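*Asks:* Below are the structure tokens for one structure; questions will follow.
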Amino acid sequence: MEIIDAKTLDYKAINEALRRSDDACTIQNCCGQRFLASGMSQKDLTIYGIPGNALGAYLNNAAITVYGNGQDAVGDTMNEGQILIHGNIGDAAGYAMRGGKIYVKGNAGYRAGIHMKEYKEKKPLMIIGGYAGSFLGEYQAGGVIIVLGLSRNKKRIVGNFPCTGMHGGKIFLRDDCHDIKFPEQVTARPASREDLDELREYLSDFCSAFNYQIDDLLSAPFTVITPDSKNPYKQMYVAN
Amino acid sequence: MKMEGQVRIPSGCAISAVISREGKKISGDIITNSMKPMHDRSNGLGGGFAGYGIYPDYKDFYALHMFFNSRDTRKTCEAFLKERFEIVQSEIIPTHKIPAIKNEPIIWRYFVAPLRSVMSSLQLEEKEFVAKCVIRINDEMPGAYVFSSGKNMGTFKAVGYPEDVGLFYRLEDYKGYSWTAHGRYPTNTPGWWGGAHPFTLLDYSIVHNGEISSYDANRRFVEMFGYKCTLQTDTEVITYIMDYLLRVQELTLEEAASVIAAPFWSTISAKSDLEDKKKHIFLRTMFPSLLVTGPFSIVFGFNGGLMALNDRLKLRSMVVGEKDDKVFISSEEAAIRTMEPNAENIWYPAGGEPVIIKVKEGAF
């Protein structure tokens with residue numbers, strides 16, 4: 001295990017140190033350095049502090065664990081691997097993500113999973129333990145987003161305009177969603193037995209990472225949102 | 001050198017702010033340091049700060065911070081000021097000579113009180129009189145630019161990275177109950193000193209990350225009321241909008257936020273609180289030309305408080321944190337952690353949701 005003290009290092013120096021090392025690495029005193037581990041493969045990385053924007057961008061099968069909050073664009077265009085955050089994350093997490101997994105214990109900002117996609121065996125998964133901001137799954141084209149809404153103090157599980165422009169993939173919200181307005185081009189329905197079996201599979205790693213019991217998580221109602229191919233997305237921004 | 005307005009500036013930018021709800025004094029080097037982890041959000045073509053409560057010895061006087069391009073301009077401007085104000089103090093703003101900051105103009109400050117006789121002959125209330133004088137200098141006096149004009153507050157800005165600008169202006173020598181900061185990323189203009197943020201009028205100041213697509217519609221509207229957008233930068237117009245809504249129209253901060261970052265009609269129609277719904281319909285109907293569209297995150301400073309606000313679609317980042325009496329606002333959490341490693345209650349305000357922090361009554 002190699003320890004990197006980030007206190008006096010910029011992102012370039014940190015990434016060079018990560019590339020030089022063949023060992024698992026731990027970054028300490030991280031404070032806002034961007035692009036950490038971007039494009040890296042076969043790397044086991046632990047971060048203490050606050051990694052900067054675009055953590056694990058283009059990640060190519062590395063495992064990142066953060067003890068702290070993430071900033072914006074965690075896992076931007078990530079291809080493979082896993083990012084585990086023991087805190088909250090900012091806006092646009094998993095932007096155009098096309099593979100791999102992002103697990104967040106806390107809340108996500110705006111536009112989580114924007115333009116997520118999938119192709120053949122590549123199917124990205126994002127699980128948010130708390131609540132998500134507005135525009136969750138905006139223009140989602142594939143992959144799976146799960147929001148659990150744990151410890152959210154009566155706050156809505158998701159902000160305004162979820163699934164705007166969604167045309168592929170699947171979203172699970174752990175709520176009956178009676179107070180949430182979805183756009184016309186998606187279908188929101190209570191989870192079926194098959195959906196719950198699918199969920200059980202998705203949630204198992206999340207539960208072991210953050211010490212949750214899977215049956216506790218599955219004991220509440222889930223809503224499943226998928227695009228309705230008969231009524232495709234048309235517009236959002238023009239007529240306001 | 002091309003001035004702003006001759007070229008278009010899409011910008012990246014970083015913002016940061018801190019305030020003590022108890023009115024306790026915070027040294028300026030804290031806000032300077034907060035900009036360091038966000039270095040890459042700026043490109044060295046503009047940095048600036050606003051400090052509130054920094055001039056307790058002159059708190060009853062308007063502090064005019066000015067750039068002049070020559071000694072002659074300064075003399076002409078001083079003659080203009082002497083006809084309208086009593087100047088109780090006139091001095092160079094102290095700076096450190098550092099290699100990172102070059103080509104500085106003449107940087108001066110005046111502490112002034114408006115002459116009663118002139119105000120009464122013009123039948124103008126004090127703040128209106130001061131605002132009119134500031135707008136006139138900026139519009140009609142080439143080479144002279146008032147970049148700060150409030151009481152017991154001041155802005156400090158330059159071409160350079162914000163952490164260098166803070167060092168240049170010796171912010172460690174000032175203590176204020178609140179501070180705002182800005183790092184600029186204009187990508188296709190040389191940038192100039194007056195074009196750096198914050199933009200101010202009286203004690204109102206704005207730091208802004210983003211790009212306003214409604215700029216011209218907003219400008220045409222406020223110019224009907226005597227404001228002059230002399231810099232043609234988008235941010236300037238937000239300062240005048242806030243002055244118009246708060247000082248002239250006497251709206252509350254929440255109401256002003258609902259005008260510039262008005263909720264979508266669909267969001268308004270879904271409101272269950274009928275009073276609130278009616279108010280939002282009224283505000284959107286009364287001030288449609290003051291809706292600010294395009295991405296923005298701003299911190300608005302005023303005597304006794306701060307307000308942070310995102311555009312309604314939240315196309316720029318903003319984080320808020322707290323520790324004891326202090327509240328921190330920034331584009332990135334890293335900046336908050338630099339000011340206070342143990343900051344608590346870190347949260348991300350929603351688009352169009354104003355975060356208003358006021359210093360307790362009597363503490364500023």
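*Asks:* As a check on your grasp of the helix formula, calculate [θ] at 222 nm for chain A: sum -39500 (n - 2.57) over DSSP H runs of n ≥ 4, divide by the residue count, round to the nearest 500. Write down the numbers at each step before the final one.
*Replies:* On the way: 3 runs with 33 residues, N = 240.
Rounded to the nearest 500, it is -4000 deg cm²/dmol.
*Asks:* What FRET efficiency do you get for A:LEU218 and B:ASN345 if R0 is 30 Å and r is their Cβ-Cβ distance, rounded to the nearest 0.05?
*Replies:* Here the calculated transfer efficiency is 0.50.
*Asks:* I want to verify the translational diffusion coefficient of the protein assembly as shown in µm²/s; compute it with Stokes-Einstein, Rh as the Kirkwood radius over Cα pairs, at 25 °C and 0.890 mPa s. Could you put the intermediate results ahead of the total?
*Replies:* Values: Rh = 25.4 Å.
Stokes-Einstein gives a translational diffusion coefficient of 97 µm²/s.
*Asks:* Taking neighbour Cβ counts within 10 Å as the exposure measure, how do B:VAL248, B:VAL165, B:VAL292, B:VAL237 sort from fewest upward? It would help to have the intermediate numbers written out before the result.
*Replies:* Details: B:VAL248 14, B:VAL165 31, B:VAL292 25, B:VAL237 28.
Ascending Cβ contact count within 10 Å gives the list B:VAL248, B:VAL292, B:VAL237, B:VAL165.
*Asks:* Please arrange B:CYS13, A:CYS25 by how many other C-beta atoms lie within 10 Å of their C-beta, fewest to most.
*Replies:* Details: B:CYS13 26, A:CYS25 20.
Listing B:CYS13, A:CYS25 from fewest to most nearby Cβ atoms yields A:CYS25, B:CYS13.
*Asks:* Whole angstrom only: what separates the Cα centroid of region A:149-195 from the Cα centroid of region B:300-364?
*Replies:* Their Cα centres are 29 Å away from one another.
*Asks:* Compute the relative contact order of chain B as a whole-number percentage, counting only Cα pairs closer than 8 Å that sit 6 or more residues apart in sequence. Numbers along the way, then the final one.
*Replies:* Working: 857 pairs, mean separation 94.4, N = 364.
Across chain B, relative contact order equals 26 percent.
*Asks:* Any idea what % of Cα-Cα pairs in region A:1-48 are farther than 12 Å?
*Replies:* Values: 617 of 1128 pairs.
So the portion of pairs separated by more than 12 Å is 55 percent.
*Asks:* So what's the net charge close to B:TYR58: Lys and Arg +1, Asp and Glu -1, counting the other residues with Cβ under 10 Å from its Cβ?
*Replies:* Working: positive: B:LYS59, B:ARG109, B:LYS151; negative: B:ASP57, B:ASP60.
Spelling it out: positives minus negatives among the neighbours equals +1.
*Asks:* While we're looking at this one, here's another question. Given the C-alpha atoms of region B:229-364, compute the convex hull and give its volume per residue in Å³. Don't jump to the answer; show the numbers that get you there.
*Replies:* Numbers: hull volume 19.5 nm³, N = 136.
Taking the convex hull of the Cα positions in region B:229-364, it is 143 Å³ per residue.
*Asks:* Taking other Cβ within 10 Å of each residue's Cβ, how do A:CYS163, B:CYS229 sort, fewest first?
*Replies:* On the way: A:CYS163 28, B:CYS229 22.
In order of increasing Cβ crowding within 10 Å: B:CYS229, A:CYS163.
*Asks:* If you find the alpha carbon centre of region A:26-58 and of region A:62-139, how far apart are they in angstrom?
*Replies:* Distance between centres, Cα-based: 14 Å.
*Asks:* Same structure, new question: Starting from one equal scatterer on each C-alpha and no solvent at all, send me the Debye-based log10 I(q)/I(0) for region B:5-157 at q = 0.11, 0.14, 0.17, 0.18 Å⁻¹, two decimals.
*Replies:* Each listed q corresponds, in turn, to -0.53, -0.84, -1.15, -1.24.
*Asks:* Report, to one decimal in Å, the Kirkwood hydrodynamic radius for chain A based on all distinct Cα pairs. Mind dumping the intermediate values first?
*Replies:* On the way: mean 1/r = 0.0559 Å⁻¹.
Across chain A, the inverse of the average 1/r is 17.9 Å.
*Asks:* Of A:LYS117/A:LYS170; A:LYS105/A:LYS155; B:LYS24/B:LYS97; B:LYS59/B:LYS175; A:LYS123/A:LYS170; B:LYS24/B:LYS360, which pairs sit farther than 19 Å apart, going by alpha carbon to alpha carbon? Before the final figure, lay out each step's value.
*Replies:* Values: A:LYS117/A:LYS170 11 Å; A:LYS105/A:LYS155 16 Å; B:LYS24/B:LYS97 30 Å; B:LYS59/B:LYS175 13 Å; A:LYS123/A:LYS170 11 Å; B:LYS24/B:LYS360 10 Å.
Checking Cα-Cα distances, B:LYS24/B:LYS97 exceed 19 Å.
*Asks:* Treating only the Cβ of Lys, Arg, Asp and Glu as charged (+1, +1, -1, -1), what charge dipole size does region A:1-87 show about its Cα centre? Round to the nearest 20 debye. Can you show the working numbers first?
*Replies:* Values: 6 positive and 10 negative charges, 29 e Å.
Charge dipole, region A:1-87, about its Cα centre: 140 debye, nearest 20.
*Asks:* Taking the alpha-carbon set of region A:186-228, what are its Rg and Dmax in Å?
*Replies:* When restricted to Cα atoms, region A:186-228 yields Rg and Dmax of 11.5, 35 Å.
*Asks:* If you don't mind, there's one more thing I want to ask. At 222 nm, what value in deg cm²/dmol follows for chain B if DSSP H runs of at least 4 each add -39500 (n - 2.57) and the sum is divided by all its residues, to the nearest 500?
*Replies:* Numbers: 11 runs with 100 residues, N = 364.
That comes out to -8000 deg cm²/dmol.
*Asks:* Can I ask one more? According to the Kirkwood expression over distinct Cα-Cα pairs, how big is the hydrodynamic radius of region A:1-87, in Å?
*Replies:* Working: mean 1/r = 0.0825 Å⁻¹.
For region A:1-87, inverting the mean 1/r across all distinct Cα pairs yields 12.1 Å.
*Asks:* Can you tell me what percent of all Cα-Cα pairs in chain B are more than 27 Å apart? Show your work: numbers first, answer last.
*Replies:* Working: 28751 of 66066 pairs.
Percent of Cα pairs beyond 27 Å in chain B: 44.
*Asks:* Which of A:HIS178, A:HIS86, A:HIS115 moves the most in a Gaussian network model of chain A with Cα springs under 10 Å?
*Replies:* Fluctuation is largest for A:HIS178.
None of the figures in this text is laboratory data; all of them are computed from the coordinates on show. Just so it is clear, the structure is predicted and the values come from calculations on it, not from any experiment. Note: ideal-geometry Cβ built from the backbone for every residue, glycine included; neighbour counts use all protein chains shown.
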